[in-house]
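Trainee: Below is one structure. I have some questions about it.
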Amino acid sequence: MFRANASPSSAIATGAPRSVEPMSDVRGRIDRKIVRRALGVQMKRRDNEWIDHRYFRTYSVAARLTAAVSDPYTHLPGVESLTADGDILAFIAPWQSDTLVHKLARWVADDMFLEDTDGPYISKHDLGLGKNRRYLPVDLCLVAYGLSSAPGFEVPPPDGYYENVSTTMKVWRESTNVANACYDYFLNDIRVSQPYEVLLEAIGDEVFHVVFRNRELMFRLNQFLAELVQEIEPEMLTDTPELRKQFTARGDRLRRSKPPARAQRAVFFRDAGLCVICGVDLTGRFNILTAKNFDHIVPLAAGGLNDVTNLQLLCQGCNATKSDSPTGTSRTYPRFVAHPNPKPNAPWK
Ligand SMILES: [Zn+2]
């Protein structure tokens with residue numbers, strides 16, 4: 001029942017996934033149900049249980065998210081809107097299926113598609129529409145995900161230049177005319193379209209699936225958000241009483257809220273049923289685990305979110321020791337395959 005996962009290039013070569021009716025032009029109105037069906041291919045279960053990975057930009061978005069924890073103001077352009085415009089309030093409601101990582105991944109992916117309009121990743125493809133035609137990555141991505149039957153825009157012929165971005169690296173930049181045409185198309189046709197919204201959701205799902213295992217990254221992303229949560233002014237919340245309710249009476253932290261079963265299940269399976277600090281096996285106790293076993297990596301007292309990306313599995317002993325100290329998470333993971341050399345420090349032969 002699974003289709004072998006097509007690489008983006010082969011998916012482009014074969015057009016929309018089979019058994020999917022041709023979609024209307026990317027700029028046309030598209031019924032969301034049809035789009036969902038296209039994304040899920042034949043699998044009705046896709047929406048809640050399965051991801052049909054395309055890996056179009058999954059790892060580059062993940063890499064940008066990783067870079068963002070060290071330098072958010074470079075890698076999340078407009079990040080100041082989170083506190084200035086109150087956009088951070090979208091992160092406050094507890095245990096959203098649309099997690100912190102989903103939201104940030106969409107942000108990064110959208111910014112990368114915008115940057116593409118300058119030229120570095122515009123490339124030639126033969127999609128059966130003629131050789132040597134140039135398309136924007138976002139159009140190729142929509143085709144690869146079955147959200148469009150053909151690119152909606154052909155990039156004009158190149159007349160740009162190579163820019164030296166370092167002593168060893170040059171990047172192609174389109175001329176102002178070409179870049180402006182790409183930019184206008186992206187802004188006026190792509191960004192306002194429903195398929196693009198669905199595409200970003202799909203990328204968010206894939207990125208989450210790839211990076212959720214990396215607890216250190218989860219810790220650092222949540223630490224970044226926690227700093228912003230602590231900067232929320234009380235006046236910002238007075239306009240939105242339902243959000244004010246999420247905070248304690250003193251308003252200095254989010255209320256503790258029990259993780260729902262789906263969040264517990266996600267963390268339990270990610271952490272392989274083992275306490276992430278001492279490694280004790282909790283698999284036999286799954287049915288008697290309590291909320292105390294699901295620890296906030298960044299404590300609520302430090303601005304932490306009630307978000308599945310901010311949880312880890314701990315035995316009660318380790319949880320009692322960790323308490324509200326912002327020690328974060330451990331960097332050790334059980335190997336999938338035992339290392340041939342049992343002594344980590346033994347010299348390599
Ligand atoms: Zn433990």
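Trainee: Consider ALA202 against the criteria (1) assigned by TED's automatic domain parsing to the domain that holds ASP87; (2) touching a strand residue (DSSP E or B) at 6+ places or on another chain (Cβ under 9 Å): it satisfies all of them except one. Which criterion is unmet?
Mentor: So the condition that ALA202 fails would be (2).
Trainee: A follow-up question, please. Is the stretch 309-317 home to any residue that is assigned to a helix (DSSP H, G or I) and either away from the ligand (no atom under 16 Å from the Cβ) or outside the structural domain of LEU217 (by TED's automatic domain parsing) (or both)?
Mentor: Yes, there is a match, as at least one residue in the stretch 309-317 is assigned to a helix (DSSP H, G or I) and either away from the ligand (no atom under 16 Å from the Cβ) or outside the structural domain of LEU217 (by TED's automatic domain parsing) (or both).
Trainee: Would you please name the residue that is farthest from ASN180 (Cα to Cα), looking only at residues in the stretch 108-139 that are outside any loop (DSSP other than H, G, I, E, B) and among the hydroxyl-bearing types (Ser, Thr, Tyr)?
Mentor: Selected residue: SER123.
Trainee: Quick one: count up the residues across the stretch 49-81 that are under 18 Å from LEU200 (Cβ atoms), part of a helix (DSSP H, G or I) and in contact (Cβ under 8 Å) with a residue 60 or more places away in the chain.
Mentor: Total satisfying the criteria: 6.
Trainee: While we're looking at this one, here's another question. Which members of the stretch 140-193 meet the condition of being among the aliphatic types (A, V, I, L, M), part of a helix (DSSP H, G or I) and buried (at least 21 other Cβ atoms within 10 Å of the Cβ)?
Mentor: LEU140, LEU142, VAL143, ALA144, VAL178, ILE190
Trainee: How many residues, within the stretch 105-134, are hydroxyl-bearing (Ser, Thr, Tyr) and crowded, with 23+ Cβ neighbours inside 10 Å?
Mentor: 1
Trainee: Out of the residues in the stretch 290-308 meeting the condition of being in a helix (DSSP H, G or I), within 16 Å of ARG265 (Cβ to Cβ) and more than 13 Å from the ligand (Cβ to nearest atom), tell me which one is modelled with the highest pLDDT.
Mentor: Checking each candidate, the answer is VAL308.
Trainee: Does GLY328 fit the bill of being within 12 Å of the ligand (Cβ to nearest atom), modelled with pLDDT under 95 and surrounded by 11 or more Cβ atoms within 10 Å (Cβ to Cβ)?
Mentor: So GLY328 does not fit the description; no.
Trainee: Among the listed residues PHE224, PHE268, PHE294, identify the single one that is touching a helix residue (DSSP H, G or I) at 6+ places or on another chain (Cβ under 8 Å) and farther than 19 Å from GLY317 by Cα.
Mentor: Criteria check complete, one pass: PHE224.
Trainee: ALA320: more than 16 Å from the ligand (Cβ to nearest atom) and either within 23 Å of the chain's Cα centre (by Cα) or aliphatic (A, V, I, L, M) (or both), yes or no?
Mentor: No, not satisfied.
The values are calculated or read from the model by the stated rules, or taken from the named source; none is laboratory data. Values in this document were obtained by computation on a predicted structure and should not be read as measured data. Cβ: placed from backbone, ideal geometry, glycine included. Neighbour counts: every protein chain shown.
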